[in-house]
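Since every read-out is calculated from the coordinates, none of them should be taken as a lab result. No experiment lies behind these values; they were computed from the predicted model shown. In this analysis, Cβ positions are derived from the backbone assuming ideal geometry, glycine residues included, and neighbour counts consider all displayed protein chains.
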Amino acid sequence: EKGGYDWFMLKEIDEQPQAVAETLLGRYGRSGRLQLDEMRLSDDELRDVDKIIIIACGTASYAGLVAKYAIEHWTRIPCEVELASEFRYRDPIIDRSTLVVAISQSGETMDTLMAIRYARQQRARVLSICNTNGSTIPRESDAVIYTHAGPEVAVASTKGFLSQIVACYLLGLYLAQVRGVKYGDEIDAIMAALEKLPAGIQRMLDEGEQVRKLAAELVDTRSVLFLGRHVGYPVALEGALKLKELAYLHAEGFAAGELKHGPIALIEDGIPVFVVVPPKARDQLQEKIVSNIQEIRARGALTIVLAEDGDDDVVPYADHLIRLPKVPTLLQPLVATVPLQIFACELAGLLGHDVDQPRNLAKSVTVE
Ligand code: F6R
């Protein structure tokens, strides 16, 4: 039931603090060690892993792109992310020491299912990250980490996405723990920051009115761009996807560093551009993106800047400034995505679209 909300999507956006908290629940013991109950792969098997390939579709693939940064950083295991629909058709190099990680909210996405079947035929180990107990993908996997986001009814994934990122992080930290790599030290700090995250997400929800007003101002817009770097890049992709599927608008996400290699030609007077600014602590990335914001604004873009509290460098170049709580860089996607979801949902509603069931789309895509 919608519980007083106009749309399931709004309800599910609001449930995100809880979805993240539930996904973390019981996984970090007082002993300072991570426990993943459904991790049916032994420590020896996990120590053998020399390559990780994340496969998924759509929003789940963007969760994978975010996770790649964290998993490689913590585990030093090379990690690729591939669309499930492409994976099987390129003769991928996989063997017994490859860990294939399938991310799927529904657990029924046909492309993802076919990809894991293929991976298992090639003798890879398959771990799935899934929100639906007993669905096909976890049943056909060697191991599973369930996200505990609760049922997601709206076609557009929201709490599914955030909880997928959290589950991927648990996997990355678990691998780091089992393998005893250098970044194992970071486990405590990151777990502490993750535990505080639901409050940060709640704040983004509480401040949602700013974004809803912005959607009302931009109701006639034809095209919206999103820029990010590092883990902000998949956030840009996700912001654009939400807008395409819900508001039926042309929207694109770019890596900000790619601007001058082409996309900057799209900048014209008044075009709204969302920019996700990395935390200042991140070497040079913040400065670089600030100059990207200057470049596009000088060419007439309407800049909508998402930047952490206290980052004042962006103030002179932001037509709209959305503040984010200070969190470690790797966790920023979990707060920065929220206003983009609210924006897309609000704009779609204002345009009179069916937010929960956008045209031409289905919740689980059970055909290839
Ligand atoms: C976008 C969206 C889709 C799904 C994709 C994968 O909002 O919901 O892009 O993320 O179809 O679905 P699952 O995660 O069920 O495999």
Task: Helix-only CD estimate at 222 nm, as mean residue ellipticity for the chain, using -39500 (n - 2.57) per DSSP H run (n ≥ 4) - done: -13500 deg cm²/dmol
Task: Peptide ranges 61-69, 297-305, 36-44 listed from the most packed, as the mean C-beta count within 10 angstrom indicates - done: 61-69, 297-305, 36-44
Open item on the list: Order these by the 10 Å Cβ neighbour count, fewest first: 319, 206.
Closed with: 206, 319
Open item on the list: Springs between alpha-carbon pairs under 10 angstrom, Gaussian network model over the chain: which of 306, 214, 225 fluctuates most?
Closed with: 214
Task: Degrees separating the helix 232-247 axis from the principal Cα axis of the chain, which is the longest one - done: 70 degrees
Open item on the list: I'd like the per residue volume of the convex hull spanned by the Cα atoms of region 239-307, given in cubic angstrom.
Closed with: 87 Å³
- [ ] Over region 121-265, calculate the relative contact order: mean separation of alpha carbon pairs under 8 Å at least 6 apart, over the residue count, as a percent.
- [x] 13 percent
- [ ] Calculate the all-directions average of the projected area of region 32-190's alpha-carbon convex hull, and give it in nm².
- [x] 8.4 nm²
TODO: Can you tell me the FRET efficiency between residue 44 and residue 269 if r is taken as the Cβ-Cβ distance and R0 is 41 Å, rounded to the nearest 0.05?
DONE: 0.10
TODO: Kindly rank 348-358, 7-17 from highest to lowest mean number of other beta carbons found within 10 Å of each residue.
DONE: 7-17, 348-358
TODO: Report, in degrees rounded to the nearest 10, the 0 to 90 angle that the Cα long axis of helix 110-121 makes with the longest principal axis of the chain.
DONE: 30 degrees
TODO: State the extension gain, in nm to one decimal, for the chain segment bounded by residue 315 and residue 294, taking 0.36 nm per residue of separation less the distance between their alpha-carbons.
DONE: 6.5 nm
- [ ] Could you work out how far helix 208-217 tilts from the main Cα principal axis of the chain, as a 0 to 90 degree angle to the nearest 10?
- [x] 50 degrees
- [ ] Specify the residue with the greatest mean-square fluctuation among 167, 281, 156, computed from a Gaussian network of the chain linking alpha-carbon atoms under 10 Å apart.
- [x] 281
Task: Shape category assigned to region 63-102 from the gyration tensor of Cα positions, a/c cut at 1.5 - done: oblate
TODO: Hey, can you grab everything whose amide H is under 5 Å from the amide H of residue 54? Only 5+ residues off in sequence or another chain; H modelled, so Pro and N-termini drop out.
DONE: 80, 81, 82, 101
Open item on the list: Below 8 Å, C-alpha to C-alpha, sequence gap of six or more: please give me the relative contact order for region 213-368 in percent.
Closed with: 26 percent
Task: region 157-172 - phi-based ³J(HN,Hα) in whole Hz, Karplus 6.51/-1.76/1.60, Gly and Pro as x - done: 7, 10, 5, x, 4, 4, 6, 5, 4, 4, 5, 5, 5, 4, 4, x
Open item on the list: Whole angstrom only: what separates the Cα centroid of region 138-210 from the Cα centroid of region 275-354?
Closed with: 21 Å
Task: Residues in region 134-149 that a label on residue 83 would reach, taking backbone N under 19 Å of a point 7 Å out along Cα→Cβ - done: none
Task: More than 25 Å apart - percent of Cα-Cα pairs taken over the chain - done: 52 percent
Open item on the list: Need one number: nm distance between label points at residue 188 and residue 206, each 7 Å from Cα along Cα→Cβ, rounded to one decimal.
Closed with: 3.0 nm
